[in-house]
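The values are calculated or read from the model by the stated rules, or taken from the named source; none is laboratory data. It should be emphasised that the depicted structure is a prediction, and the values quoted were computed from it without experimental measurement. FYI the Cβ positions are ideal-geometry reconstructions off the backbone, even for glycines, and counts take in every protein chain you see. The accessibility values were calculated without ligands, DNA or RNA, using every heavy atom of the protein model including side chains. Shrake-Rupley method; radii C 1.70, N 1.55, O 1.52, S 1.80 Å.
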Amino acid sequence: MKSLSIIFKGLIMGISDLVPGISGGTIAFILGIYEEFIFSLSKLSISSIKKLKNEGFFVFWNQINGSFLLKLFSGILIGLSLFTYLIDWLINNYKIPLWAFFLGVLISSVFIILKKIKRKKPFHLLLFIIGVLISFSISQITPSAQSGSINAPYLFFSSFIAISAMMLPGISGAYILILFGTYSEVISVFKGLLSILVLQAYPDLNIILYKSFVIFSGIISGILIFSKFIKWLLLKYYDNTLVILIGLILGGLSKIWPWQENGEIVWPYDFSGENYLIISIILFIVGITLILGIDICNKTKSNA
(Lines give C-alpha, C1' and ligand atoms only; values in the text may rest on other atoms or scores of the structure.)
Protein backbone atom coordinates (compact mmCIF):
# COMPACT_ATOMS: atom_id res chain seq x y z
CA MET A 1 0.00 0.00 0.00
CA LYS A 2 2.84 2.40 0.79
CA SER A 3 4.34 1.82 -2.66
CA LEU A 4 1.00 2.56 -4.34
CA SER A 5 0.63 5.68 -2.19
CA ILE A 6 4.01 7.03 -3.36
CA ILE A 7 3.20 6.24 -7.01
CA PHE A 8 -0.17 7.98 -6.65
CA LYS A 9 1.45 11.05 -5.12
CA GLY A 10 3.91 11.12 -8.02
CA LEU A 11 0.99 10.89 -10.44
CA ILE A 12 -0.61 13.96 -8.83
CA MET A 13 2.71 15.80 -9.09
CA GLY A 14 2.99 14.87 -12.76
CA ILE A 15 -0.49 16.21 -13.50
CA SER A 16 0.22 19.48 -11.65
CA ASP A 17 3.49 19.96 -13.52
CA LEU A 18 1.53 20.15 -16.78
CA VAL A 19 -0.46 23.17 -15.60
CA PRO A 20 1.12 26.64 -16.00
CA GLY A 21 0.78 28.39 -12.65
CA ILE A 22 0.96 25.23 -10.51
CA SER A 23 4.19 24.01 -8.92
CA GLY A 24 4.95 20.33 -8.51
CA GLY A 25 6.90 21.36 -5.41
CA THR A 26 3.73 22.78 -3.86
CA ILE A 27 1.88 19.53 -4.48
CA ALA A 28 4.79 17.53 -2.99
CA PHE A 29 4.63 19.71 0.13
CA ILE A 30 0.86 19.25 0.43
CA LEU A 31 1.24 15.48 0.04
CA GLY A 32 3.83 15.37 2.81
CA ILE A 33 6.74 14.11 0.69
CA TYR A 34 8.58 17.34 -0.15
CA GLU A 35 11.49 16.99 2.26
CA GLU A 36 12.09 13.32 1.46
CA PHE A 37 11.86 14.19 -2.24
CA ILE A 38 14.45 16.98 -2.00
CA PHE A 39 16.79 15.13 0.37
CA SER A 40 16.74 12.01 -1.82
CA LEU A 41 17.47 14.00 -4.98
CA SER A 42 20.33 15.84 -3.25
CA LYS A 43 22.09 12.52 -2.63
CA LEU A 44 22.59 12.05 -6.37
CA SER A 45 26.16 13.22 -6.84
CA ILE A 46 29.62 12.27 -8.05
CA SER A 47 30.32 10.69 -4.66
CA SER A 48 27.24 8.47 -4.96
CA ILE A 49 28.38 7.42 -8.44
CA LYS A 50 31.77 6.50 -6.95
CA LYS A 51 29.97 4.47 -4.29
CA LEU A 52 28.16 2.65 -7.09
CA LYS A 53 31.49 1.80 -8.68
CA ASN A 54 33.34 0.87 -5.48
CA GLU A 55 30.65 -0.68 -3.26
CA GLY A 56 28.05 -1.97 -5.68
CA PHE A 57 24.54 -1.16 -6.83
CA PHE A 58 22.62 -1.95 -3.63
CA VAL A 59 24.77 0.33 -1.44
CA PHE A 60 24.33 3.11 -4.00
CA TRP A 61 20.57 2.41 -4.26
CA ASN A 62 20.05 2.60 -0.51
CA GLN A 63 22.13 5.78 -0.20
CA ILE A 64 20.03 7.70 -2.71
CA ASN A 65 16.73 6.27 -1.38
CA GLY A 66 16.30 4.70 -4.79
CA SER A 67 13.07 2.81 -4.09
CA PHE A 68 11.29 6.02 -3.10
CA LEU A 69 12.61 7.94 -6.14
CA LEU A 70 11.76 5.11 -8.54
CA LYS A 71 8.17 4.90 -7.30
CA LEU A 72 7.72 8.68 -7.23
CA PHE A 73 9.13 9.28 -10.72
CA SER A 74 7.14 6.31 -12.04
CA GLY A 75 4.03 8.08 -10.79
CA ILE A 76 5.15 11.39 -12.29
CA LEU A 77 5.74 9.77 -15.68
CA ILE A 78 2.35 8.03 -15.51
CA GLY A 79 0.70 11.37 -14.70
CA LEU A 80 2.48 13.11 -17.56
CA SER A 81 1.72 10.29 -19.99
CA LEU A 82 -1.96 9.85 -19.14
CA PHE A 83 -2.95 13.48 -18.68
CA THR A 84 -0.87 15.47 -21.20
CA TYR A 85 -3.66 15.52 -23.78
CA LEU A 86 -6.44 15.97 -21.20
CA ILE A 87 -4.80 18.94 -19.44
CA ASP A 88 -3.95 20.48 -22.81
CA TRP A 89 -7.62 20.10 -23.83
CA LEU A 90 -8.90 21.52 -20.54
CA ILE A 91 -6.57 24.53 -20.77
CA ASN A 92 -7.81 25.26 -24.29
CA ASN A 93 -11.51 24.64 -23.61
CA TYR A 94 -12.25 24.93 -19.87
CA LYS A 95 -9.48 27.05 -18.45
CA ILE A 96 -11.69 28.95 -15.99
CA PRO A 97 -13.02 25.91 -14.04
CA LEU A 98 -9.57 24.29 -14.12
CA TRP A 99 -7.91 27.41 -12.70
CA ALA A 100 -10.65 27.74 -10.06
CA PHE A 101 -9.91 24.21 -8.83
CA PHE A 102 -6.18 24.86 -8.57
CA LEU A 103 -6.80 28.24 -6.93
CA GLY A 104 -8.56 26.38 -4.12
CA VAL A 105 -5.69 23.90 -3.97
CA LEU A 106 -3.04 26.60 -3.60
CA ILE A 107 -4.92 28.77 -1.08
CA SER A 108 -5.53 25.80 1.22
CA SER A 109 -1.89 24.70 0.83
CA VAL A 110 -0.73 28.00 2.34
CA PHE A 111 -2.45 27.18 5.64
CA ILE A 112 -0.90 23.72 5.68
CA ILE A 113 2.62 25.09 5.17
CA LEU A 114 1.97 27.86 7.72
CA LYS A 115 1.25 25.25 10.40
CA LYS A 116 4.65 23.64 9.78
CA ILE A 117 6.53 26.78 10.85
CA LYS A 118 7.88 26.01 14.32
CA ARG A 119 8.66 29.50 15.62
CA LYS A 120 7.10 32.58 14.04
CA LYS A 121 9.18 35.76 14.24
CA PRO A 122 8.62 39.43 13.22
CA PHE A 123 11.50 39.05 10.73
CA HIS A 124 9.37 36.53 8.84
CA LEU A 125 7.13 39.33 7.57
CA LEU A 126 10.05 40.72 5.54
CA LEU A 127 10.86 37.27 4.15
CA PHE A 128 7.20 36.78 3.26
CA ILE A 129 7.14 40.08 1.35
CA ILE A 130 10.34 39.12 -0.49
CA GLY A 131 8.76 35.81 -1.52
CA VAL A 132 5.60 37.56 -2.73
CA LEU A 133 7.59 40.13 -4.73
CA ILE A 134 9.77 37.49 -6.38
CA SER A 135 6.84 35.32 -7.44
CA PHE A 136 4.64 38.24 -8.46
CA SER A 137 7.45 39.76 -10.53
CA ILE A 138 8.00 36.48 -12.35
CA SER A 139 4.26 36.14 -13.01
CA GLN A 140 4.13 39.62 -14.56
CA ILE A 141 6.90 39.02 -17.08
CA THR A 142 5.58 39.04 -20.62
CA PRO A 143 5.98 35.56 -22.12
CA SER A 144 8.57 35.24 -24.85
CA ALA A 145 7.26 35.32 -28.39
CA GLN A 146 9.79 32.73 -29.46
CA SER A 147 9.34 31.87 -33.10
CA GLY A 148 11.04 29.64 -35.60
CA SER A 149 13.43 26.90 -34.62
CA ILE A 150 14.49 26.79 -30.96
CA ASN A 151 18.17 25.90 -30.69
CA ALA A 152 19.48 23.18 -28.38
CA PRO A 153 21.33 25.42 -25.85
CA TYR A 154 18.21 27.57 -25.38
CA LEU A 155 16.01 24.48 -24.94
CA PHE A 156 18.51 23.01 -22.45
CA PHE A 157 18.70 26.25 -20.45
CA SER A 158 14.93 26.74 -20.29
CA SER A 159 14.48 23.11 -19.14
CA PHE A 160 17.20 23.61 -16.51
CA ILE A 161 15.52 26.74 -15.11
CA ALA A 162 12.03 25.21 -15.31
CA ILE A 163 12.89 22.08 -13.32
CA SER A 164 14.74 24.20 -10.75
CA ALA A 165 11.62 26.36 -10.35
CA MET A 166 9.40 23.28 -10.30
CA MET A 167 11.16 22.03 -7.17
CA LEU A 168 10.22 25.25 -5.37
CA PRO A 169 6.67 25.46 -4.01
CA GLY A 170 5.03 28.52 -5.50
CA ILE A 171 6.88 28.81 -8.81
CA SER A 172 5.46 26.91 -11.76
CA GLY A 173 7.98 25.17 -13.98
CA ALA A 174 5.40 25.07 -16.78
CA TYR A 175 4.97 28.85 -16.55
CA ILE A 176 8.74 29.33 -16.68
CA LEU A 177 8.70 27.41 -19.97
CA ILE A 178 5.98 29.78 -21.21
CA LEU A 179 8.14 32.76 -20.27
CA PHE A 180 11.01 31.29 -22.28
CA GLY A 181 8.67 30.52 -25.17
CA THR A 182 9.42 26.78 -25.04
CA TYR A 183 6.29 25.37 -23.34
CA SER A 184 4.64 24.38 -26.63
CA GLU A 185 7.92 22.92 -27.86
CA VAL A 186 8.38 20.76 -24.74
CA ILE A 187 4.74 19.57 -24.83
CA SER A 188 5.13 18.81 -28.55
CA VAL A 189 8.27 16.75 -27.88
CA PHE A 190 6.54 14.85 -25.07
CA LYS A 191 3.55 14.13 -27.31
CA GLY A 192 6.00 12.90 -29.95
CA LEU A 193 7.56 10.52 -27.43
CA LEU A 194 4.12 9.20 -26.51
CA SER A 195 3.36 8.60 -30.19
CA ILE A 196 6.61 6.69 -30.58
CA LEU A 197 6.16 4.59 -27.43
CA VAL A 198 2.41 3.98 -27.47
CA LEU A 199 1.19 4.41 -31.03
CA GLN A 200 4.35 3.07 -32.68
CA ALA A 201 4.35 6.10 -34.97
CA TYR A 202 7.76 7.36 -36.03
CA PRO A 203 7.44 10.76 -37.76
CA ASP A 204 10.53 12.93 -37.20
CA LEU A 205 12.02 10.20 -34.99
CA ASN A 206 15.57 11.59 -34.95
CA ILE A 207 14.40 15.13 -34.18
CA ILE A 208 12.12 13.99 -31.33
CA LEU A 209 14.85 11.83 -29.77
CA TYR A 210 17.44 14.60 -30.08
CA LYS A 211 15.19 17.23 -28.49
CA SER A 212 14.19 14.76 -25.78
CA PHE A 213 17.85 14.23 -24.95
CA VAL A 214 18.42 17.99 -24.72
CA ILE A 215 15.34 18.52 -22.52
CA PHE A 216 16.10 15.63 -20.16
CA SER A 217 19.74 16.73 -19.91
CA GLY A 218 18.54 20.13 -18.72
CA ILE A 219 16.10 18.53 -16.29
CA ILE A 220 18.70 16.17 -14.79
CA SER A 221 21.28 18.97 -14.48
CA GLY A 222 18.74 21.19 -12.69
CA ILE A 223 17.79 18.40 -10.30
CA LEU A 224 21.40 17.55 -9.43
CA ILE A 225 22.37 21.17 -8.74
CA PHE A 226 19.25 22.83 -7.30
CA SER A 227 18.12 20.01 -4.98
CA LYS A 228 21.33 20.42 -2.98
CA PHE A 229 20.67 24.14 -2.57
CA ILE A 230 17.10 23.56 -1.33
CA LYS A 231 18.31 20.84 1.07
CA TRP A 232 20.85 23.27 2.52
CA LEU A 233 18.12 25.89 3.02
CA LEU A 234 15.79 23.42 4.75
CA LEU A 235 18.53 22.16 7.06
CA LYS A 236 19.92 25.58 7.98
CA TYR A 237 16.92 27.89 7.75
CA TYR A 238 13.79 25.71 7.89
CA ASP A 239 11.26 28.25 9.20
CA ASN A 240 12.66 31.09 7.10
CA THR A 241 12.51 28.94 3.98
CA LEU A 242 8.87 28.00 4.62
CA VAL A 243 7.92 31.66 5.05
CA ILE A 244 9.52 32.54 1.71
CA LEU A 245 7.77 29.58 0.07
CA ILE A 246 4.40 30.84 1.35
CA GLY A 247 5.21 34.22 -0.17
CA LEU A 248 6.13 32.54 -3.46
CA ILE A 249 2.79 30.71 -3.56
CA LEU A 250 0.67 33.77 -2.77
CA GLY A 251 2.66 36.04 -5.07
CA GLY A 252 1.92 33.83 -8.06
CA LEU A 253 -1.83 33.43 -7.46
CA SER A 254 -2.64 36.28 -9.83
CA LYS A 255 -1.52 34.10 -12.72
CA ILE A 256 -4.17 31.45 -12.06
CA TRP A 257 -7.04 33.79 -11.22
CA PRO A 258 -9.74 32.19 -13.40
CA TRP A 259 -11.15 35.34 -14.98
CA GLN A 260 -8.62 37.31 -17.01
CA GLU A 261 -8.82 39.30 -20.21
CA ASN A 262 -5.77 40.57 -22.09
CA GLY A 263 -3.62 39.66 -19.10
CA GLU A 264 -5.75 41.72 -16.70
CA ILE A 265 -7.70 40.32 -13.73
CA VAL A 266 -11.46 40.95 -13.93
CA TRP A 267 -14.44 39.97 -11.76
CA PRO A 268 -16.57 37.07 -13.02
CA TYR A 269 -19.52 39.31 -13.95
CA ASP A 270 -17.22 41.62 -15.92
CA PHE A 271 -15.86 38.74 -17.98
CA SER A 272 -17.00 39.10 -21.59
CA GLY A 273 -17.28 35.38 -22.33
CA GLU A 274 -18.86 32.41 -20.52
CA ASN A 275 -17.77 32.82 -16.89
CA TYR A 276 -18.60 29.28 -15.67
CA LEU A 277 -19.23 30.86 -12.26
CA ILE A 278 -21.24 28.09 -10.57
CA ILE A 279 -19.02 25.20 -11.64
CA SER A 280 -15.92 27.29 -10.82
CA ILE A 281 -17.14 27.95 -7.26
CA ILE A 282 -17.89 24.25 -6.83
CA LEU A 283 -14.43 23.23 -8.11
CA PHE A 284 -12.78 25.91 -5.95
CA ILE A 285 -14.44 24.35 -2.88
CA VAL A 286 -13.51 20.87 -4.10
CA GLY A 287 -9.87 21.98 -4.38
CA ILE A 288 -9.87 23.31 -0.81
CA THR A 289 -11.67 20.23 0.55
CA LEU A 290 -9.32 17.85 -1.27
CA ILE A 291 -6.17 19.41 0.19
CA LEU A 292 -7.59 19.66 3.71
CA GLY A 293 -8.66 16.02 3.43
CA ILE A 294 -5.15 14.98 2.35
CA ASP A 295 -3.70 16.90 5.29
CA ILE A 296 -6.03 15.13 7.74
CA CYS A 297 -5.09 11.75 6.22
CA ASN A 298 -1.39 12.55 6.56
CA LYS A 299 -1.85 13.49 10.23
CA THR A 300 -3.85 10.31 10.88
CA LYS A 301 -1.09 8.17 9.35
CA SER A 302 1.66 9.95 11.29
CA ASN A 303 -0.23 9.50 14.57
CA ALA A 304 -1.01 5.84 13.92
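Some points to look at:
- Think of a 1.4 Å ball rolled over the protein heavy atoms: the chain then has 52 Å² of accessible area per residue.
- Stretching the chain fully between LEU197 and SER221 yields a gain of 6.2 nm (0.36 nm per residue, less the alpha carbon separation).
- Measuring gaps between exposed loop sites in the chain (trypsin sites (Lys or Arg not before Pro); DSSP loop; at most 10 other Cβ atoms within 10 Å), the longest gap, sites not included, is 120-304.
- Within-13-Å neighbourhood charge of LEU234 [Cβ basis; K, R +1; D, E -1]: +2
- TRP267 sits among other residues whose Cβ lies under 15 Å from its own Cβ, and their net charge, with Lys and Arg +1 and Asp and Glu -1, is -4.
- Global geometry of region 43-194, whether rounded, prolate or oblate, following the gyration tensor of its Cα atoms and the 1.5 cut on a/c: oblate
- Across the accessible surface of region 1-128, with the other protein chains kept in place and a 1.4 Å probe, carbon and sulfur atoms take up 69 percent.
- Put simply, the convex hull of the Cα atoms in the chain casts, on average, a shadow of 18.0 nm².
- Within the shell defined by Cβ-Cβ distances under 12 Å, the residues around ILE187 carry a net charge of -1, with Lys and Arg each +1 and Asp and Glu each -1.
- Of all accessible heavy-atom area on region 238-304, the percent that carbon and sulfur account for (1.4 Å): 67
- GluC sites (Glu not before Pro) within region 191-288, DSSP loop, no more than 10 other Cβ atoms inside 10 Å: GLU274
- Relative contact order for region 4-74: 40 percent, from Cα pairs under 8 Å spaced at least 6 residues apart, divided by residue count.
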